[in-house]
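Undergrad: Below is one structure. I have some questions about it.
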C-alpha cells in the first residue's frame, strides 16, 4: 500500500494495486458522508473491440444502456437495496468510462460490498431490456430539446463524422433497438473485469477493510479484458446550423487535440489554456462582451480517449457566427504568441487553488480520481508544480487547425 | 448521527442594528468563506433592480470583470459571486467569496479576499457596469426560458400563487431592465446597506476576533431599519391548470400539491420523509409507477418548497402522454401505501441528506438562513423527530395533499 501524504492539504491519497489488477484509491476526509465508486474503463466510444480473438461492433449507446441495466438484478432493483441501507446510488457514462457510485453516512462497508457485487453480476432479462429501451428513448428525446447539447454534438459530427466520439452517449433510437441481452452480456464479460476497473473511496473510511474486501470480491472474477479499438480517424471540418424553438443563438466550435501520454498534466494545462484564452479575464471575452456579442464567457470542454480528443468551445451569443469567427482567430493567435510569464504565474496559482478547492468535496474528489485513473490525486497535485511555459506551449500546439462548427438558431 | 458539529463553534453576534455575524470556527475545509446577505421583501417593483445590482456587483469595481478575474486568479482562483436568492416572499442578495486557506496557499489570501469584498461593497455602480449588467441579465432571462423544464416550474408557481410574492420572479423581468438607471441603482444599494436586514457568515481558519473585525469593516452607517413584513401565503382558488405549446421534442409537466404541514420541527421532517417516498432519488412511488412500470419518462422528480410547503413534481414525457402521466401521478399519490420498510428507507434517506448538509458550507448557511426567516429560535432535534415519525404521521400528511396547479409545456412537433 502506498500512502501519499507529502502533498498539498486535501490531496492525501492511499493507493494500492491488487494482484487481480484493480487499482484502489482511498481519499481520507473528515466528513459525514462517505463515497464509494467503481470506475470501469468502458465508455460510449468503445463500440469496436477484440475479445477472445473475435471482433465485435456494438450499437451506439451500448455502454450507457449497460449502465442502466446493471441496476436491475435478479433479486430486484439495486437502488432500493441502497436506500434500505441509507445510501443513494447513481452512475454515469461518458465517452471513455462508466462510473457507479454511492453516498452514505452509515453502513459504508455493506454498501461497498453491494456496489462491488452488483457491478460484477450481470442480469439482463428480455422484458427489462425492452422496457429500458423506452426509458432511454425518452432520455434521448429530452436531450434533443437542449440547445447546448445539440450544438456540441452538431460540432462533433462536423469534426469527426461517422465516429463514435460524435455520437450521443445514449446512442439514437435506431441503435437502441439493436441492443439485446446478448450484446450486454458480451460487453460486461469483455470490460467489467478487475484489471479494467478502479475502486475509489472517499471520506472517513477504513483503507484496510476496503482493500481486503475488494480483493475478496474481485479476485474470483474473469480476468480477460477486451482490447477496444484505437480511434485513429482524421479530423474533418465544416459548419452546420440547426433550427430550434429558442430565443438566443448557441454555438460550439470543436478542435481536435493530439493524444499523448500524461493525461493528467495535459488536462491541467488545457484548463490553463481554456481560462487564459477564453475565460473572464481573457482578451477574447473582454472584446466580445465589449461588442455586446456574448455576456458570459464560453465554456470549454476537453476530452481524450483511445486515440481521439477534442477541445470544444461553446456558449450563447447574439451573433454566433461572429463569435465563432473570433474563436478561430483567437486560437490561431494563441498558437503564434506565447503566454507571458506573469499570466503564466497567475494561471498556475488559479489552477492550484481551483484544484484544491474542488476536491474538498468527497463526491467531486472521487469523480476526479476516477478521471485521473493512472495517477492519484496526491501525484496529480504535485504535477501542477512541474508545469512549465514550454509545456503550456507544447499542449497549445497539440490543438489542431481543423474545426467543426455548429450554430443553433431560432426556428 | 447528525452531529451538528458546526453548532459547537457557531456563534451569532449582533454587530450593529439588524446586522448579524454568524461565525463558525471550523477547519475541516481547505477554504475560508465570507458571505454578506441582505434580505428584503420580494416586490415586483424592486426585484429587477436588485437582480441588476447583483449583475453589476458580479462585474467588480467599475464594471471591470477583467481586472476582478485577474485579482481572483492571484488569490489562487478565489471565487467571488453576487447572487439573488428567493425564499418564499423574500428576496436575498448575497455577496460570496471563497478562497483557499492561507496555510494551504502559503500566503495571506484571506486578507486580500476580505479587502476585495470590502472594496466592492463600498464601491458605486458605474454606467459602464450597468450597461454590461443589463445585457447579461437580458441574456440570462432569455436563456432560462429556452429550457422548457425550468420554464414549466416557474409558470406553475405563477398560476398557483398569482397574488403571492412567492411568484414574483426574483431574477427580474426583461421589460423592466431598460427603465433602470445608475442613480436608482446606487440609491437602492445604499438603502440595502443602511437599512436592510443583513447577515454576514464567516467561517474557516480564523478567530472570532478576526471575523468580527472583517465583518465590522463591511458595515457602514445604519439607519431607518425596516422590519421585514410577514411572509403571507396567498394561493389560487381551486386547481389552476394551463398549457402552452412549443416546438420541442418532449412535453414538460409540472404539478403542485400543497401540504398542511408546518415548515419546522417534526412537521418539516414528515414533509421530507413524504417527499422521499413520493419522489426521492432512485426508487420512489412516482419513479416506480411512471418510469419503471409504464416507461413513460426518463426523468420524474420532485421537490418540497419549504417556504410554501408545496410539492412540485415535474417530468418530461412524449407528446400525447401528458394526461396519462398526470393521471398516473394522481393515482400513485391517492393510492400510495406506506409500510414499515418504505418508511424506514425514507427516514434513512432524509437523515443522509441532513448529514450531507453539514459537509457543505453553503448547506450550513442555507439552513441557518431558513431557520431565521421562518422564525425558528429553538434548536431542532431533527434526528430525534425523524425517528419518532410513524406510518400514521406520513399517511395523514399524504391525505392532506391538495393538487393546486398544473402547467404543461406541450410538444408541438
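The values are calculated or read from the model by the stated rules, or taken from the named source; none is laboratory data. Predicted, not measured: the structure shown is a model, and the values here were computed from it. FYI the Cβ positions are ideal-geometry reconstructions off the backbone, even for glycines, and counts take in every protein chain you see.
Undergrad: Does the range B:137-148 contain at least one residue that is within 19 Å of the chain's Cα centre (by Cα), over 30 Å from residue A:408 (Cβ atoms) and either within 14 Å of chain A (Cβ to nearest Cβ) or crowded, with 18+ Cβ neighbours inside 10 Å (or both)?
TA: No, because not a single residue in the range B:137-148 is within 19 Å of the chain's Cα centre (by Cα), over 30 Å from residue A:408 (Cβ atoms) and either within 14 Å of chain A (Cβ to nearest Cβ) or crowded, with 18+ Cβ neighbours inside 10 Å (or both).
Undergrad: Quick check on residue A:178: is it more than 20 Å from the chain's Cα centre (by Cα), surrounded by fewer than 23 Cβ atoms within 10 Å (Cβ to Cβ), away from chain B (no Cβ under 13 Å) and over 19 Å from residue A:100 (Cβ atoms)? If you could, list the steps in order and put the result at the bottom.
TA: Details: more than 20 Å from the chain's Cα centre (by Cα): yes; surrounded by fewer than 23 Cβ atoms within 10 Å (Cβ to Cβ): yes; away from chain B (no Cβ under 13 Å): yes; over 19 Å from residue A:100 (Cβ atoms): yes.
Criteria met by residue A:178.
Undergrad: Does residue B:269 satisfy the criteria of being at pLDDT 95 or above, touching a helix residue (DSSP H, G or I) at 6+ places or on another chain (Cβ under 9 Å), away from chain A (no Cβ under 14 Å) and crowded, with 18+ Cβ neighbours inside 10 Å?
TA: Judged against the criteria, residue B:269 is a match.
Undergrad: So which residues in the range A:197-236 are at pLDDT below 90 and not in a loop (DSSP other than H, G, I, E, B), if there are any at all?
TA: Once the filter is applied, which keeps residues that are at pLDDT below 90 and not in a loop (DSSP other than H, G, I, E, B), the range A:197-236 yields A:227, A:228.
Undergrad: Also: So which residues in the range A:273-328 are in a loop (DSSP other than H, G, I, E, B) and within 23 Å of residue A:149 (Cβ to Cβ), if there are any at all?
TA: A:279, A:293, A:294, A:295, A:296, A:297, A:298, A:306, A:318, A:319
Undergrad: So, one more: Could you say whether any residue in the range A:338-352 is outside any helix (DSSP H, G or I), surrounded by 16 or more Cβ atoms within 10 Å (Cβ to Cβ), facing chain B (nearest Cβ under 9 Å) and in contact (Cβ under 8 Å) with a residue 12 or more places away in the chain?
TA: Among the residues of the range A:338-352, not one is outside any helix (DSSP H, G or I), surrounded by 16 or more Cβ atoms within 10 Å (Cβ to Cβ), facing chain B (nearest Cβ under 9 Å) and in contact (Cβ under 8 Å) with a residue 12 or more places away in the chain, which makes the answer no.
Undergrad: Of these, A:202, A:221, A:228, A:207, which one is touching a residue at least 60 places away in the same chain (Cβ under 8 Å) and out of contact with any strand residue (DSSP E or B) (no Cβ under 8 Å at 6 or more places or on another chain)?
TA: The unique qualifying residue is A:221.
Undergrad: On to the next question. Residues in the range B:121-128: is at least one over 29 Å from residue B:363 (Cβ atoms), more than 25 Å from the chain's Cα centre (by Cα) and either crowded, with 19+ Cβ neighbours inside 10 Å or within 13 Å of another protein chain (Cβ to nearest Cβ) (or both)?
TA: yes
Undergrad: On to the next question. Which of the numbered conditions does residue A:89 fail, given that it passes all the others? Conditions: (1) part of a strand (DSSP E or B); (2) at the interface with chain B (Cβ under 9 Å from one of its Cβ atoms); (3) surrounded by fewer than 22 Cβ atoms within 10 Å (Cβ to Cβ).
TA: (3)
Undergrad: Looking at the range B:156-172 only, could you name the residues that are crowded, with 20+ Cβ neighbours inside 10 Å and in a helix (DSSP H, G or I)?
TA: Within the range B:156-172, B:156, B:157, B:160, B:165, B:166, B:167 qualify.
Undergrad: Taking the range A:248-263, which residues are under 30 Å from residue B:74 (Cβ atoms) and either outside any loop (DSSP other than H, G, I, E, B) or at pLDDT 95 or above (or both)?
TA: A:253, A:255, A:257, A:263
Undergrad: OK, next. In the range B:25-57, which residues are within 21 Å of residue B:100 (Cβ to Cβ), within 14 Å of chain A (Cβ to nearest Cβ) and either in a helix (DSSP H, G or I) or in contact with a strand residue (DSSP E or B) (Cβ under 7 Å, 6 or more places away or on another chain) (or both)?
TA: B:26, B:30, B:31, B:32, B:33
Undergrad: Among the residues of the range A:106-128, is there at least one that is within 14 Å of chain B (Cβ to nearest Cβ), crowded, with 23+ Cβ neighbours inside 10 Å, touching a strand residue (DSSP E or B) at 6+ places or on another chain (Cβ under 7 Å) and within 25 Å of residue B:248 (Cα to Cα)?
TA: Scanning the range A:106-128, I find no residue that is within 14 Å of chain B (Cβ to nearest Cβ), crowded, with 23+ Cβ neighbours inside 10 Å, touching a strand residue (DSSP E or B) at 6+ places or on another chain (Cβ under 7 Å) and within 25 Å of residue B:248 (Cα to Cα), so the answer is no.
Undergrad: Something else now. Would you pick out the residues in the range B:95-115 that are away from chain A (no Cβ under 14 Å) and within 19 Å of residue B:69 (Cβ to Cβ)?
TA: B:95, B:114, B:115
Undergrad: Taking the condition of being out of contact with any strand residue (DSSP E or B) (no Cβ under 7 Å at 6 or more places or on another chain) and part of a strand (DSSP E or B), how many residues in the range A:30-70 meet it?
TA: Count: 3.
Undergrad: Just to be sure, is residue A:82 surrounded by 23 or more Cβ atoms within 10 Å (Cβ to Cβ) and either out of contact with any helix residue (DSSP H, G or I) (no Cβ under 8 Å at 6 or more places or on another chain) or over 14 Å from residue A:201 (Cα atoms) (or both)?
TA: Here the answer is yes, as residue A:82 does meet what is asked.
Undergrad: Turning to a different aspect of this structure: For the range B:70-84, which residues satisfy the criterion of being surrounded by 23 or more Cβ atoms within 10 Å (Cβ to Cβ) and in a helix (DSSP H, G or I)?
TA: Across the range B:70-84, the qualifying residues are B:72, B:73.
Undergrad: Being touching a residue at least 12 places away in the same chain (Cβ under 8 Å) and either under 27 Å from residue B:196 (Cα atoms) or within 14 Å of chain A (Cβ to nearest Cβ) (or both) is true for just one of B:22, B:66. Which residue is that?
TA: Working: B:66 fails: touching a residue at least 12 places away in the same chain (Cβ under 8 Å).
Checking each option against the conditions leaves just B:22.
Undergrad: With surrounded by 15 or more Cβ atoms within 10 Å (Cβ to Cβ), in a helix (DSSP H, G or I) and either at positive phi or more than 12 Å from chain B (Cβ to nearest Cβ) (or both) as the only criterion, which of A:266, A:239 stands out?
TA: A:266
Undergrad: Answer with yes or no whether residue A:282 is under 20 Å from residue A:398 (Cβ atoms), surrounded by fewer than 21 Cβ atoms within 10 Å (Cβ to Cβ) and within 14 Å of another protein chain (Cβ to nearest Cβ).
TA: No: the conditions fail for residue A:282.
Undergrad: Answer with yes or no whether residue B:105 is crowded, with 18+ Cβ neighbours inside 10 Å and either in contact (Cβ under 8 Å) with a residue 40 or more places away in the chain or under 30 Å from residue B:167 (Cα atoms) (or both).
TA: no
Undergrad: Still on this structure: Kindly establish whether residue A:21 is at pLDDT 95 or above and within 23 Å of the chain's Cα centre (by Cα).
TA: No; evaluated as a whole, the condition is false for this residue.
Undergrad: Among the candidates A:40, A:99, single out the residue that is more than 9 Å from chain B (Cβ to nearest Cβ), surrounded by fewer than 23 Cβ atoms within 10 Å (Cβ to Cβ) and under 30 Å from residue B:359 (Cα atoms).
TA: A:99
Undergrad: Kindly evaluate residue A:57 against the criterion of being within 14 Å of chain B (Cβ to nearest Cβ) and either under 18 Å from residue A:367 (Cβ atoms) or at pLDDT 95 or above (or both).
TA: Taking the combined requirement at face value, the residue does not satisfy it.
Undergrad: Take the residues of the range A:134-151 that are under 19 Å from residue A:409 (Cα atoms) and either over 22 Å from the mean Cα position of the chain (by Cα) or outside any helix (DSSP H, G or I) (or both): which is nearest to the other protein chains (Cβ to nearest Cβ)?
TA: A:145
Undergrad: Here's a follow-up. Within the range A:360-371, count every residue that is crowded, with 18+ Cβ neighbours inside 10 Å and within 25 Å of residue A:260 (Cα to Cα).
TA: 6
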